[in-house]
Amino acid sequence: MSDAHSLDALIQALRRLPGVGVKSASRMALHLLQQDREGALLLSRALHDAAQHVHHCARCHTFTEAEVCATCLDPARDTSKLCVVETPADQMALERTGAYKGLYYVLMGRLSPLDGIGPNDIGLKQMLARASDGTVREVILATNFTAEGEATAHVIGEALKSRGVAFTRLARGVPIGSELEYVDLGTIAHALVDRR
């Protein structure tokens, strides 16, 4: 048995994070053990507590420690709008803009048949029930502009259309402050099609 079993286990655990390879995981592990033992213990407790106490909101499926998240319980939110996003990170990004005051449904993923992820895996049935509850007047499809995100938005849009629920898709186009010559051709093409 290696003298560094615990160190190896820590490195392997850190490698589970997205975008973290062996070198990055080793640097993090060595930094925590060599220069920030207090930080290592804090990280350990925070991970343990989050894994024990954070679960999905019963209404929107985002992360929360309560049965229903604070956003869903906020009486100032516009209950006639439901924004469908792929992840809690996407929800947080929209919230940071301060431009959206409606409610959310977090899919916790996107359709990806090649990876075996179908409609049941992303909670499509629950999202459609929420969108068809009689309170929601508009569903905003805010999935990412990847092939899987587009396919997910298309499937959801078709399901909403068959139920008579109005929906819109996030606009896409040229970023503010950019110069056309540096913008990719796909973005320019979509901006032309979606112009207003």
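Among the candidates ALA46, ALA40, ALA29, ALA9, the residue that is closer than 25 Å to THR87 by Cβ and free of Cβ contacts under 8 Å to residues at least 60 places away in the same chain is uniquely ALA46. The single condition among (1) in contact (Cβ under 8 Å) with a residue 60 or more places away in the chain; (2) within 30 Å of GLY186 (Cα to Cα); (3) not hydroxyl-bearing (Ser, Thr, Tyr) that GLY109 does not meet is (1).
Beta carbons closer than 7 Å, at least 6 apart along the sequence or on distinct chains, never pair a first residue in region 126-138 that is without any contact (Cβ under 8 Å) to a residue 12 or more places away in the chain with a second that is part of a helix (DSSP H, G or I) and of a type in the set (Phe, Trp, Tyr).
Working carefully through the options GLY177, GLY123, GLY109, find the one that is at positive phi and more than 15 Å from the chain's Cα centre (by Cα). Let's see the steps before the verdict.
Working: GLY123 fails: more than 15 Å from the chain's Cα centre (by Cα); GLY109 fails: more than 15 Å from the chain's Cα centre (by Cα).
Within the list GLY177, GLY123, GLY109, the selection yields GLY177.
Each value in this text was obtained by applying a stated rule to the coordinates, not by laboratory testing. Because the structure is a prediction, the values reported are computed rather than measured. Every residue, glycine among them, receives a Cβ derived from its backbone with ideal geometry; neighbour counts consider all protein chains shown.
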